[in-house]
Amino acid sequence: MTTETDLSKRYDSSQIEDKSYQHWLDRNYFHSEPNPDKKPYVIVIPPPNVTGILTLGHVLNNTMQDILIRWRRMQGYEACWIPGTDHASIATETKVVNMLRHDGITKSAIGREKFLEHAFEWKEKYGGIIIEQLKKLGASCDWERERFTMDAGYSRAVLTAFVELYKKGYIYRGKRLVNWCPATKSAISDEEVIYQERESHLWYIRYAIKDSDETIVVATTRPETMLGDTGIAVNPEDKRYKHLAGKFAVLPLVGREIPIFADEYVDKEFGTGAVKVTPAHDPNDFAMGERHNLEVINIFNEDASLNGNVPDYFEGMDRFEAREAVIERLKEARLMEKIEDHTHKVGYSERGHVPIEPYLSEQWFMKMTDLVAPALDVVRNGQVKFHPAHWTKTYEHWMTHIKDWCISRQLWWGHRIPVYTCENCGEVMVQVDAPEKCDRCGGNHLKQDEDVLDTWASSWLWPFAVHSWPDEGTDLNYYYPTNDLVTGPDIIFFWVARMIIAGQEFLGEVPFKNVYFTSIIRDGQGRKMSKSLGNSPDPLDLIAKYGADTLRYGVMLMAPKGQDILFSEDRLEVARNFMNKVWNASRFVLMNLDFKLTADDLNPEKWNNLELADRWILHRMNETVKKLNDQLENFGFNDAAWTLWDFIWSQFCDWYIEIIKIRMYDGTQEQKHQALSVAIYVLRNTMKLFHPYAPFMTEEIWQQVKLDDEPDLIVADFPQFDARFVSRDVDKMEFIQQVIIQVRTIRSEMNVPPSKEINIIARPVDVAQKERLEAVGNYLKKLARVGELILDANATKPSGSATAVVEKMELFIPLEGLIDVDKEVERLVKEIASKSGFVTSLNKKLTNENFVSRAPAEVVEVERQKLSQAEEALAKLEESLRSLRAE
């Protein structure tokens with residue numbers, strides 16, 4: 001500890017961050033090893049796609065995780081934050097396919113083995129960029145434990161889980177209707193379908209009734225699928241069609257006879273109340289088809305072109321080309337009754353960016369009904385808690401309506417399904433390691449299943465597969481289960497629910513105790529961040545401009561629990577101002593430190609004759625310690641951020657630092673020493689409290705205030721509540737603060753020049769109040785530039801005085817000689833007139849029904865805020881005028 005500050009005059013994050021991060025890496029602070037003498041605290045990172053780059057969503061999520069891990073590390077836990085990346089089957093395969101296409105190479109031309117070589121080469125060259133970016137953010141992950149979901153050990157865990165579930169009867173192969181992505185030619189899960197509202201039409205098509213002159217009209221949003229119709233359904237209560245149930249219709253353009261039947265699923269109010277049924281291409285139609293034993297006719301190829309099950313004229317057409325052709329043919333045959341505009345939601349493939357096709361396909365499925373029961377119980381009974389708690393209802397709804405999980409994908413990049421079929425005798429073998437020969441006939445002509453597993457069928461094992469599972473091991477026993485998970489609510493079903501299922505099924509324990517769901521980041525207009533809107537800034541650009549600490553803390557200030565986050569760079573400016581405030585306050589204290597700091601200086605037991613301000617700041621610091629710990633225990637990241645703001649800026653910097661300047665400049669050496677000892681003590685604890693949010697700057701300042709034999713801040717002890725600092729006379733400090741605030745307000749509102757001293761006549765209500773003001777009169781004189789302070793219980797208000805009241809005590813400030821009263825009255829009258837006119841115009845606008853009903857809600861709200869602020873300002877101006885005119 002030196003007596004001269006090494007802090008630069010201006011806070012420059014670029015000079016600090018890389019240096020500090022490398023120092024932490026060199027000291028191996030992020031690494032964890034099982035320690036029987038310490039309680040573990042474990043987080044597993046939601047593994048970002050290996051194709052990914054840092055977004056503001058990642059900043060939000062990983063800052064929260066880093067806050068937790070740094071806080072717990074400082075609390076003495078064996079803190080372990082396990083990082084890694086997900087192989088992201090569809091996303092990565094798409095990247096590699098596009099790369100090869102650029103070189104004139106197709107996936108099919110080079111074959112699976114060669115394609116995977118290219119994929120791994122691409123992953124090594126471009127994958128994992130986001131990991132390096134997370135380091136720029138300050139993420140204190142245990143990088144020695146970094147995992148990839150296609151690592152050899154992790155892959156073995158994935159295949160082991162498949163084999164175990166297959167042997168238990170939970171995994172089966174079946175032909176089912178799945179969400180099919182024609183772009184990637186693969187099945188995708190329900191959660192990978194993004195619904196978008198589209199303007200389209202309802203086409204009304206006339207079907208002839210067999211052996212009758214009667215017809216029936218059906219309405220459809222997909223006329224091209226009529227080529228695969230195998231029935232027409234009506235509601236059993238619909239009197240219009242009762243006589244037709246049991247009869248047959250003739251399918252236009254095809255000539256196939258299809259049955260007309262009654263089913264309660266049909267909505268009598270939609271269209272004509274009669275619907276065409278295409279079991280192979282609509283999930284609701286498929287369900288009706290099963291109930292009524294309808295034929296299932298698939299009319300699409302894997303790329304959504306029409307196959308040989310349609311008339312020759314349509315075969316080979318793209319589905320949208322076929323739609324136009326079907327419509328044209330129906331019109332020619334005078335079977336198109338009418339066409340109406342219709343808005344509806346269309347499911348799009350999240351990765352393929354094309355409309356999905358309900359498609360009858362043979363896939364691998366996992367039975368979920370029995371598997372979900374334990375995972376549902378542990379959330380209901382509180383073994384796993386969701387924050388905010390309302391996500392519990394969402395989880396319960398999904399888990400109680402769950403369908404079997406389609407776990408196969410028609411891709412090459414991923415974990416290939418470990419099912420082997422003997423081409424000689426048909427024997428099926430399911431095992432982790434490829435068999436050398438057939439178990440039944442001994443033949444060696446074995447063919448492995450072509451499909452890979454859904455990406456989520458590997459990442460659902462993440463909390464324990466990052467260790468040695470399925471083998472026992474010290475790490476697994478020590479670090480599992482984990483403690484907390486921070487993730488987005490958009491993957492509550494994809495990932496969170498399935499991890500809970502896997503933890504219960506394979507280890508009999510929940511994978512974590514708490515799940516904190518982050519919010520959605522939107523721009524200042526409430527729009528979701530997206531590249532297409534150009535409203536999603538690059539976090540690395542923000543780090544370069546503001547620094548990682550500012551970005552981290554700024555985002556936390558914007559992130560109220562359970563509410564969407566409205567991001568703007570203006571709000572980062574607020575955080576940057578705070579950083580500068582902390583830096584400058586620290587620098588001020590250190591610049592005035594003219595003695596070698598010792599352990600005794602930092603030992604409260606050695607302090608004597610603390611002033612009121614000292615006792616008050618220690619009390620407030622102690623309150624902040626308790627409050628902050630409680631808030632972080634409850635995942636109150638935003639609340640804790642504002643708690644830090646309030647204490648550091650509003651109490652330590654704005655009040656305590658200003659008050660101790662009295663002793664620094666006018667006190668004895670002993671008084672100055674005492675003030676600086678307390679200031680350094682509070683500053684040190686403030687850096688500890690702020691470290692999880694702003695690790696770089698706090699570590700830099702800590703290096704200036706720590707004793708020579710103390711550890712770096714990242715592994716220093718986190719402050720705990722200390723009963724010694726509870727003070728009973730905090731109210732005395734709050735009293736003088738209110739007096740100073742009132743006096744400063746009068747100076748400002750009355751335009752009293754800052755250079756001029758004022759006099760105050762106070763009329764205390766009793767002796768106790770008089771003594772309280774006398775005891776800290778020097779605070780008032782220095783912080784409010786007060787010359788003479790007169791305490792007189794019988795004082796009368798001098799003419800031309802401003803008045804304030806604090807705890808029933810009147811304060812009179814004579815203004816004669818400080819300002820030109822007549823000119824100030826003239827100025828106030830003009831300003832009141834101007835402000836009154838503004839208030840009138842705003843009131844007129846806000847009482848105009850046309851404006852209020854037609855303007856966007858956010859615009860109306862802005863005008864209301866303007867009115868509120870203008871009315872408040874007008875009231876203050878009028879009060880100032882009354883004070884000047886009062887005798």
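Considering Arg323, Arg291, Arg240, which residue is of a type in the set (Lys, Arg), in a loop (DSSP other than H, G, I, E, B) and in contact (Cβ under 8 Å) with a residue 12 or more places away in the chain? Can you show your working first?
Numbers: Arg323 fails: in a loop (DSSP other than H, G, I, E, B); Arg291 fails: in a loop (DSSP other than H, G, I, E, B).
Result of the check over Arg323, Arg291, Arg240: Arg240.
Considering only residues that are of a type in the set (A, V, I, L, M, F, W, C) and either under 24 Å from Asp18 (Cα atoms) or modelled with pLDDT under 95 (or both), look in region 130-151 and name the one that is surrounded by the fewest Cβ atoms within 10 Å (Cβ to Cβ). By that ranking, first place goes to Trp143. Does Val266 qualify as being within 26 Å of Val346 (Cβ to Cβ), open to solvent by less than 50 Å² (accessible area, probe 1.4 Å), touching a strand residue (DSSP E or B) at 6+ places or on another chain (Cβ under 9 Å) and not in a loop (DSSP other than H, G, I, E, B)? It is false that Val266 is within 26 Å of Val346 (Cβ to Cβ), open to solvent by less than 50 Å² (accessible area, probe 1.4 Å), touching a strand residue (DSSP E or B) at 6+ places or on another chain (Cβ under 9 Å) and not in a loop (DSSP other than H, G, I, E, B).
Checking region 303-310 against the condition returns a match, with at least one residue being in contact with a strand residue (DSSP E or B) (Cβ under 8 Å, 6 or more places away or on another chain), without any contact (Cβ under 8 Å) to a residue 60 or more places away in the chain and more than 19 Å from Pro252 (Cβ to Cβ).
Being of a type in the set (A, V, I, L, M, F, W, C) and open to solvent by 60 Å² or more (accessible area, probe 1.4 Å) is the requirement here; does Ile741 meet it?
Working: of a type in the set (A, V, I, L, M, F, W, C): yes; open to solvent by 60 Å² or more (accessible area, probe 1.4 Å): yes.
It is true that Ile741 is of a type in the set (A, V, I, L, M, F, W, C) and open to solvent by 60 Å² or more (accessible area, probe 1.4 Å).
Among residues belonging to region 88-111 that are out of contact with any strand residue (DSSP E or B) (no Cβ under 8 Å at 6 or more places or on another chain) and touching a residue at least 40 places away in the same chain (Cβ under 8 Å), point out the one that is most open to solvent (accessible area, probe 1.4 Å).
To start, the set of residues in region 88-111 that are out of contact with any strand residue (DSSP E or B) (no Cβ under 8 Å at 6 or more places or on another chain) comprises 93-111.
In the following step, the residues that additionally are touching a residue at least 40 places away in the same chain (Cβ under 8 Å) were identified as 93-96, 107.
Working: Glu93: 8, Thr94: 53, Lys95: 99, Val96: 1, Lys107: 51 Å².
Residue satisfying both the conditions and the ranking: Lys95.
Does Arg576 satisfy the condition of being open to solvent by less than 30 Å² (accessible area, probe 1.4 Å), in a helix (DSSP H, G or I) and of a type in the set (Lys, Arg)? For Arg576, the condition - open to solvent by less than 30 Å² (accessible area, probe 1.4 Å), in a helix (DSSP H, G or I) and of a type in the set (Lys, Arg) - is not met.
A quick yes/no check of all residues on (1) in a strand (DSSP E or B); (2) of a type in the set (Ser, Thr, Tyr):
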{"site": "Glu362", "(1), (2)": "yes, no"}
{"site": "Asp439", "(1), (2)": "no, no"}
{"site": "Gly443", "(1), (2)": "no, no"}
{"site": "Ser458", "(1), (2)": "no, yes"}
{"site": "Pro463", "(1), (2)": "no, no"}
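Say we look at region 112-125 and pick out the residues that are under 22 Å from Ile53 (Cα atoms) and free of Cβ contacts under 8 Å to residues at least 60 places away in the same chain; which of these is most open to solvent (accessible area, probe 1.4 Å)? Per the stated criteria, the residue is Lys125. Looking across Val178, Val193, one residue alone is touching a Gly at 6+ places or on another chain (Cβ under 9 Å) and either modelled with pLDDT under 95 or among the polar types (S, T, N, Q) (or both). It is Val193.
The criterion of being over 30 Å from Lys19 (Cα atoms), out of contact with any Gly (no Cβ under 6 Å at 6 or more places or on another chain) and touching a residue at least 40 places away in the same chain (Cβ under 8 Å) does not hold for Ala768.
For region 759-773, a tally of residues being of a type in the set (Val, Ile, Thr), surrounded by fewer than 21 Cβ atoms within 10 Å (Cβ to Cβ) and under 15 Å from Gly787 (Cβ atoms) returns 1. Any residue that is open to solvent by 40 Å² or more (accessible area, probe 1.4 Å) and not aliphatic (A, V, I, L, M) - is there at least one of those in region 671-683? Yes, because at least one residue in region 671-683 is open to solvent by 40 Å² or more (accessible area, probe 1.4 Å) and not aliphatic (A, V, I, L, M). Counting only helices (runs of 4 or more DSSP H) wholly contained in region 649-725, the ones carrying 1 or more residues that are more than 36 Å from the chain's Cα centre (by Cα) occupy 658-666, 669-690. Listed by first and then second residue, the pairs with beta-carbon distance under 8 Å, at least 6 apart or on different chains, first residue in region 854-874 and open to solvent by 30 Å² or more (accessible area, probe 1.4 Å), second part of a loop (DSSP other than H, G, I, E, B), are Glu858/Gln525; Glu858/Gly526. Within region 427-465, the residues that satisfy the criterion of being touching a strand residue (DSSP E or B) at 6+ places or on another chain (Cβ under 9 Å), among the β-branched types (Val, Ile, Thr) and open to solvent by 10 Å² or more (accessible area, probe 1.4 Å) are Val428, Val430, Thr455.
Only residues that are within 13 Å of the chain's Cα centre (by Cα) and open to solvent by 10 Å² or more (accessible area, probe 1.4 Å): list them for region 32-58, please. Show your work before the answer.
Kept after step one, since they are within 13 Å of the chain's Cα centre (by Cα), are these residues of region 32-58: 46, 55-58.
Pro46, Thr55, Gly57, His58 - these are the residues of region 32-58 that are within 13 Å of the chain's Cα centre (by Cα) and open to solvent by 10 Å² or more (accessible area, probe 1.4 Å).
Screening region 467-550 for helices (runs of 4 or more DSSP H) wholly inside it with 3 or more residues that are at negative phi and surrounded by fewer than 20 Cβ atoms within 10 Å (Cβ to Cβ) returns the ranges 474-479, 539-546. May I ask you to verify whether Asn28 is under 27 Å from Asn483 (Cα atoms) and part of a helix (DSSP H, G or I)? Taking the combined requirement at face value, the residue does not satisfy it.
Okay, residues lined up against (1) at negative phi; (2) open to solvent by 30 Å² or more (accessible area, probe 1.4 Å); (3) assigned to a helix (DSSP H, G or I); (4) of a type in the set (D, E, K, R):
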position: Leu177; (1), (2), (3), (4): yes, yes, no, no
position: Trp180; (1), (2), (3), (4): yes, no, no, no
position: Thr184; (1), (2), (3), (4): yes, no, no, no
position: Ile194; (1), (2), (3), (4): yes, yes, no, no
position: Glu197; (1), (2), (3), (4): yes, yes, no, yes
position: Arg206; (1), (2), (3), (4): yes, yes, no, yes
position: Asp213; (1), (2), (3), (4): yes, yes, no, yes
position: Ile216; (1), (2), (3), (4): yes, no, no, no
position: Thr225; (1), (2), (3), (4): yes, no, yes, no
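Give the residue that is farthest from Leu227 (Cα to Cα), with candidates limited to residues of region 283-300 that are charged (D, E, K, R) and open to solvent by 80 Å² or more (accessible area, probe 1.4 Å).
Keep residues of region 283-300 that are charged (D, E, K, R), which gives 285, 290-291, 295.
Remaining after also requiring open to solvent by 80 Å² or more (accessible area, probe 1.4 Å): 290-291, 295.
Values: Glu290: 19, Arg291: 21, Glu295: 13 Å.
Among them, the one singled out is Arg291.
Within the bounds of region 596-609, is there any residue that is at pLDDT below 95, within 20 Å of Met687 (Cβ to Cβ) and open to solvent by less than 10 Å² (accessible area, probe 1.4 Å)? Yes.
Candidates are the residues of region 227-263 that are surrounded by 15 or more Cβ atoms within 10 Å (Cβ to Cβ) and acidic (Asp, Glu); the one that is nearest to Asp282 (Cα to Cα) is Asp229.
Within region 102-112, how many residues are assigned to a helix (DSSP H, G or I) and within 17 Å of Lys125 (Cβ to Cβ)? Full working, then the answer.
First, pick out the residues of region 102-112 that are assigned to a helix (DSSP H, G or I): 102, 107-112.
Cutting the leftovers down to within 17 Å of Lys125 (Cβ to Cβ) gives us 102.
Going through region 102-112 one residue at a time, the tally reaches 1.
Just to verify a result, which residue in region 364-393, among those that are part of a helix (DSSP H, G or I), farther than 13 Å from Asn514 by Cα and in contact (Cβ under 8 Å) with a residue 40 or more places away in the chain, is most open to solvent (accessible area, probe 1.4 Å)? Residue satisfying both the conditions and the ranking: Asp370.
Going by the conditions given, is Leu818 surrounded by 11 or more Cβ atoms within 10 Å (Cβ to Cβ), at pLDDT 90 or above and of a type in the set (A, V, I, L, M)? Criteria not met by Leu818.
Looking at region 394-416, can you tell me whether even one residue there is hydroxyl-bearing (Ser, Thr, Tyr), touching a residue at least 12 places away in the same chain (Cβ under 8 Å), in contact with a helix residue (DSSP H, G or I) (Cβ under 9 Å, 6 or more places away or on another chain) and open to solvent by 40 Å² or more (accessible area, probe 1.4 Å)? Scanning region 394-416, I find at least one residue that is hydroxyl-bearing (Ser, Thr, Tyr), touching a residue at least 12 places away in the same chain (Cβ under 8 Å), in contact with a helix residue (DSSP H, G or I) (Cβ under 9 Å, 6 or more places away or on another chain) and open to solvent by 40 Å² or more (accessible area, probe 1.4 Å), so the answer is yes.
The values are calculated or read from the model by the stated rules, or taken from the named source; none is laboratory data. Note that the coordinates shown come from a computational prediction; the quantities given were computed from them, not determined experimentally. Counting neighbours? That spans all protein chains shown, and the Cβs are built from the backbone with ideal geometry, glycine included. Surface accessibility is based on the protein's heavy atoms, side chains included, excluding ligands, DNA and RNA. Shrake-Rupley method; radii C 1.70, N 1.55, O 1.52, S 1.80 Å.
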